[in-house]
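For reference, the structure is listed below as structure tokens.
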Amino acid sequence: MMGGYDKRLYILPFDHRHSYGSEVFGYHEPMTPDQIDDIAQSKAVIYGGFKAAIAAGVPAEKAGLLVDEEFGTAILEEARAHGFITCLSTEKSGQHDFDFEYGPAFKEHIEKFNPTFAKVLVRYNPQGDAALNAVQAQRLKALSDYLAQSKRHFMFELLVPAEKSQLQQVVGDVHAYDLKLRPGLMKQAIEELQNRGVEPDVWKIEGLDRSEDCKTIAATARRNGRDKVGCIILGRGENEEKVIQWLTTAARVQGFIGFAVGRSSFLQSIVDLRSGKINRGEAVEQIKRKFMEWVGVFERAAT
């Protein structure tokens, strides 16, 4: 019997590391203990927004958080103690090819936090570097097999960055690539990875503008007896209007069980908190409101 996860799933992801540290804080590796603490404290604010949303009525059995071990150890431990759905990122941050953050010790790190989901972010273009894709798939199969055997869920964030030749086909127009080429490439990527023994319970999918593309992706994720596998839509740091469009489109398609919207939920609040425009309580309140807004949008569209 294939695995899967087909219950509602509303994720607040804040496992951003490399880009978050450099873009928001201007910090670069190696960071000082004070700088690491600064970033960890900002993640505690985001977690505060998540908890406030649950206190205000977002159902705890549908809501989850995704955070990294580097800056989120205390959060992961507390969230697990509260019985929240937790997702732990396992990939090395800020590099093009997928590898484990802690190398061959990935199992020990997952066991330490015992998350509901172990999550990977993978850049995989089926028309890209075939040798690199094969190496990535091999590593991902090792994780997939381990999670199935240890009865934990597997969340797979699939990014399909455009190859030069693909961008040339759409005269360098990234939006045209997203609309015309990316959906077909995502389908191909999912099939290839499944054929290579990589079996996520949930696919985390970049926003899709068209309902028919959502249907194709959901059907691909669920093909050949994988009928419990779920898809969630991600926000890509987009503006509110775009996020609402993607959530609404996905929510109406069977197989799309929720979302993972991160930067669009918290980034402005953290930037404003850093610059002294707002205080911690206001930042928590803003993040809570954003997260609750996405939940409302998805639930209304899904019914």
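Per-structure values
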quantity: Computed FRET value (nearest 0.05) for residue 129 with residue 31, which takes r as the C-beta separation and R₀ as 35 Å; calculated: 0.65
quantity: Helical contribution to [θ] at 222 nm, DSSP H n ≥ 4, -39,500 (n - 2.57), averaged over the chain, rounded to 500; calculated: -16000 deg cm²/dmol
quantity: Long-range HN-HN contacts of residue 4 with modeled amide H, under 5 Å; calculated: none
quantity: Contact order normalised by residue count of the chain, Cα under 8 Å, 6+ apart, percent; calculated: 21
quantity: Cα gyration tensor shape of segment 160-245, rounded if a/c is under 1.5, else prolate or oblate by comparing a/b with b/c; calculated: oblate
quantity: The chain: most fluctuating residue of 271, 284, 120 per GNM, C-alpha cutoff 10 Å; calculated: 271
quantity: Karplus (6.51, -1.76, 1.60) ³J(HN,Hα), θ = phi - 60°, over segment 198-204, in Hz, Gly and Pro reported as x; calculated: 9, 10, x, 7, 9, 9, 9
quantity: Over 29 Å between alpha carbons, listed pairs 151/180; 7/187; 43/180; 151/290; calculated: 151/180; 43/180; 151/290
quantity: Prolate/oblate/rounded call for segment 171-303, Cα gyration tensor, a/c under 1.5 rounded; calculated: prolate
quantity: Full-stretch length increase - residue 138, residue 239 - with 0.36 nm per residue and alpha-carbon distance subtracted; calculated: 32.8 nm
quantity: Full-extension gain in nm, residue 55 to residue 188, via 0.36 nm per residue minus C-alpha separation; calculated: 43.8 nm
quantity: Where only alpha carbons of segment 9-302 are counted, the Rg and the Dmax (Å); calculated: 18.4, 53
quantity: Per-residue Cβ neighbour rank within 10 angstrom, fewest leading, 220, 86; calculated: 220, 86
quantity: Stretchable slack from residue 252 to residue 146, in nm (0.36 nm times residue separation minus alpha-carbon distance); calculated: 34.9 nm
quantity: Spin-label pair residue 18/residue 78, simplified geometry with 7 Å Cα→Cβ offset, distance in nm; calculated: 2.9
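Only the coordinates and a few stated rules stand behind these numbers; no lab work does. Please read all numbers here as calculations on a predicted model, not as lab measurements. As a convention, Cβ positions derive from the backbone with ideal geometry for all residues, glycine included, and neighbour counts pool all protein chains shown.
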